[in-house]
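Please read the structure below before turning to the comments.
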Amino acid sequence: MSGDRTGGGPVTPLPRLVVAAPTSGSGKTTVATGLMAALRAAGYEVSGHKAGPDYIDPGYHALATGRPGRNLDVHLHGEDLLAPLLLHGANAPRPADIAVVEGMMGLYDGRIGGRGFASTAHVATVLDAPVVLVVDVSRTSRSAAAVVAGMAVFDRRVRIAGAVLNRAGSDRHAAEVASALEEIDVPVLGVLRHDERIAAPSRHLGLVPAQERGESAAALDRLAERISAQVDLSAVVDVARSAPVLRAAAWSPEAALAAAGRPPASDRGEEPVVAVAGGRAFTFRYAETEELLRAAGCRPVVFDPTADSALPEGTAGIYLGGGFPEVYAAELSGNTALRTALLDAVRGGVPTVAECAGLLYLCREVDGAPMVGALDAVAHMTPKLALAYHSALAPEETLLAGAGARVSGHEFHRTAVTPTGERSGPAWLLDGRPDGFSADPAGTGHPTLHASYLHTHWAGCPQAAARFAEAVRSR
């Protein structure tokens, strides 16, 4: 794990902090999202970010801040883009007063075998951002201070600027923990009692996305009220303002395309439509994906595969991101008109990208429910979670990559895909493995179709967006 690499670029002030925890399940999402909502209610423009590849938490961040939730992932887009992407998120669609970054797992937990690479601590160090530690004190008292003390000295480059005590049993209990933390000079910024009314429900891939919960807005209002009452927001803002200036320029999709050797479209003329799957079944995609497509001269239009009977008018490209087709299999299967339209489009050569959920949707069936049928394969649920970072190589020319191109990505699912017919070569090879990805039935035999379990962040591989946009614009 390396240190600050914000370099000698433009000096940009941005109050910012990272919300972290000693372990998963401590309440990071609750506190981070609550802080975003409470600060917004207090009149601040807040930019919400998530360390790591997780798609679900940014959905709650977007609801809390009223602007896109964004990801910061060292593996997916590289260390050098952390500060530029943070600044981009803090500037778009309007300048933010403060940026709140929610961590992942435990503070120092990163890629297995990577000595903390891509951990929350790694992100905080590169961004030179103070850390607010969420400490679950439900089964401890003074020992919590020993854990925090260890966190503070484990890596001296990480600055723990305060703590929020979560799931305190009583005022007396909280006072005992706070007294111990004062002895190690870590201020307590707030104390939260256990409250089931603000807990988000979970299922097989983590929290239920905010887009699927009709009560999300009301629950967020309750959370914001609770955070405002029990956390010292002025002290939190002071922590954020203690962050030094960033020596970096904001990322831009136009500059990213140009740096990749694919200048953004200058003479746009008519912008071809890219149909982007949305709705409750398809909630996983990074905000920068659509921004890059716009910069490349396309017009992303969101459609709902569970409800819309046709693709958006003028569709010249299709992007099917991640989500939960297994949960909404009945609705997707029942929408015969759209399934037929998608099958005709894919078979007709409309450039199509399908990541994870999109891959499942294009199969013949998911757990027996008929799907689009563009891939001669079937999908089914499995008890095992596939969750890993990967480095992948394109063995041949594909819709997203030139032969030999390498990308970083991640895998996150509890399903398996089994090809039922003749299979072409894989679109991605993982770390040189000859068997290709865990399930990639589209293969390189389809120059206008890319379907894989691999999720990629196009800010880290803008050439993928450029190649896809070129294919769309050439139709």
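The values are calculated or read from the model by the stated rules, or taken from the named source; none is laboratory data. Since we're looking at a predicted model, the values are computed, not measured. In this analysis, Cβ positions are derived from the backbone assuming ideal geometry, glycine residues included, and neighbour counts consider all displayed protein chains. For the accessible areas, the whole protein counts, side chains as well, though only heavy atoms, and no ligand, DNA or RNA atoms are used. Shrake-Rupley method; radii C 1.70, N 1.55, O 1.52, S 1.80 Å.
Things worth noting here:
- Interchain or long-range residues, amide H under 5 Å from A99's placed H: R16, L17, S47
- Segment 350-426, Rg to Rh (Cα coordinates; Rh as Kirkwood inverse mean 1/r): 0.98
- Options P84, Q230, T306, ranked by Cα towards positive dipole end of the chain, top entry (Cβ charges): Q230
- With all protein chains kept in place, the per residue accessible area of segment 249-331 amounts to 38 square angstrom at a probe of 1.4 angstrom.
- Zero-based 5 Å bins, Cα pair distances in segment 11-55, whole percents: 5, 18, 26, 25, 15, 9, 2, 0
- The modelled label-to-label distance for the pair T382/A41, using points 7 Å beyond Cα in the direction of Cβ, is 4.3 nm.
- Loop-located trypsin sites (Lys or Arg not before Pro) in segment 124-157, at most 11 other Cβ atoms within 10 Å (DSSP): R139, R156
- Total charge dipole magnitude, segment 124-194, about the Cα centre, Cβ charges on Lys, Arg, Asp, Glu only, Debye to nearest 20: 180
- Within the accessible surface of segment 218-343, defined with a 1.4 Å probe on protein heavy atoms only, the carbon and sulfur portion equals 47 percent.
- Linear extension gain, R247 paired with S170, 0.36 nm per residue minus alpha-carbon span: 23.3 nm
- When the Cα positions of V11, V153, Y328 are compared along the charge dipole of the chain, V153 comes out farthest toward the positive end, with charges on each C-beta of Lys, Arg, Asp and Glu.
- Based on the Stokes-Einstein relation at 4 °C and a viscosity of 1.567 mPa s, and on the Kirkwood radius from alpha carbon pairs, segment 220-356 is assigned a translational diffusion coefficient of 71 µm²/s.
- FRET E, pair T336, E397, Förster distance 30 Å, beta-carbon r, rounded to 0.05: 0.30
- With θ taken as phi - 60° and the Karplus curve 6.51 cos²θ - 1.76 cosθ + 1.60 applied, the whole-hertz 3J(HN,Hα) list for segment 313-323 is 4, x, 4, 10, x, 9, 10, 10, x, x, x Hz, x standing for glycine and proline.
- The magnitude of the dipole of the chain, with charges of +1 and -1 set on the Cβ of Lys/Arg and Asp/Glu and taken from the Cα centre, is near 440 debye.
- Normalising by residue count, segment 71-194 has a Cα convex hull of 123 Å³ per residue.
- Semi-axis lengths (Å, descending) of the ellipsoid that matches the C-alpha gyration tensor of segment 57-139: 22, 18, 11
- Dipole moment magnitude, nearest 20 debye, segment 5-112 about Cα centre, only Lys, Arg, Asp, Glu C-beta charged: 160
- In the chain, the calculated helix contribution to ellipticity at 222 nm averages -9000 deg cm²/dmol per residue, counting -39,500 (n - 2.57) for every DSSP H run with n ≥ 4.
- Dividing the alpha-carbon radius of gyration of segment 240-293 by the rule-of-thumb value 2.2 N^0.38 Å gives 1.62.
- Segment 447-475-segment 60-125 distance, computed between alpha-carbon centres (Å): 23
- Stokes-Einstein D for the chain, Kirkwood Rh over Cα pairs, 25 °C, 0.890 mPa s (µm²/s): 107
- Of the GluC sites (Glu not before Pro) in segment 322-425, the ones in a loop by DSSP (not H, G, I, E or B) with at most 15 other beta carbons within 10 Å are E397, E422.
- Column: log10 I(q)/I(0), Debye, Cα scatterers of segment 1-113, q = 0.12, 0.16 Å⁻¹: -0.40, -0.71
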